[in-house]
Amino acid sequence: MLYPTQDLLLAIDNVNLTETQLEGIARLFRQFGPQTNRPNDLNLLSKPLKERLLEHCLKSNDKFKIRVAERAFGQ
């Protein structure tokens with residue numbers, strides 16, 4: 001949370017991410033939204049990245065995690 005979203009996105013751009021890295025990225029970005037200090041930053045994520053993060057989260061058995069991911073990345 002110390003780095004601007006744009007910097008984080010540059011760090012993962014064109015990188016072959018592992019499942020562990022995808023999980024960390026999804027956890028971080030799921031925290032963003034209207035109730036946070038980064039209310040509009042989910043809009044900075046590209047559609048392909050949102051789709052990839054949602055796909056990753058949908059593999060989970062955790063219904064809460066899936067619900068939050070659908071709100072964050074399913075737009």
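If you take the residues in region 1-22 that are of a type in the set (V, I, T) and in a helix (DSSP H, G or I), which one is nearest to D41 (Cα to Cα)? Walk me through how you get there before you give the answer.
Let us first name the residues in region 1-22 that are of a type in the set (V, I, T), namely 5, 12, 15, 18, 20.
Adding the requirement that they be in a helix (DSSP H, G or I) leaves 5, 12, 20.
On the way: T5: 7, I12: 15, T20: 22 Å.
Top of the filtered list is T5.
On the basis of being surrounded by 13 or more Cβ atoms within 10 Å (Cβ to Cβ), part of a helix (DSSP H, G or I) and in contact with a Gly (Cβ under 9 Å, 6 or more places away or on another chain), does L49 make the cut? First the steps, then the outcome.
On the way: surrounded by 13 or more Cβ atoms within 10 Å (Cβ to Cβ): yes; part of a helix (DSSP H, G or I): yes; in contact with a Gly (Cβ under 9 Å, 6 or more places away or on another chain): no.
No.
Out of all the residues in region 23-46, which are in a helix (DSSP H, G or I), of a type outside the set (G, A, S) and touching a residue at least 40 places away in the same chain (Cβ under 8 Å)?
Correct list: F29, R30.
Can you give me the number of residues within region 1-53 that are more than 16 Å from R71 (Cα to Cα) and among the basic types (K, R)?
Residues meeting the conditions: 0.
Restricting attention to region 30-41, does a residue exist that is buried (at least 17 other Cβ atoms within 10 Å of the Cβ), at pLDDT below 90 and among the hydrophobic types (A, V, I, L, M, F, W, C)?
yes
The values are calculated or read from the model by the stated rules, or taken from the named source; none is laboratory data. Owing to the predicted nature of the structure, the values given are computational and were not obtained by experimental measurement. Note: ideal-geometry Cβ built from the backbone for every residue, glycine included; neighbour counts use all protein chains shown.
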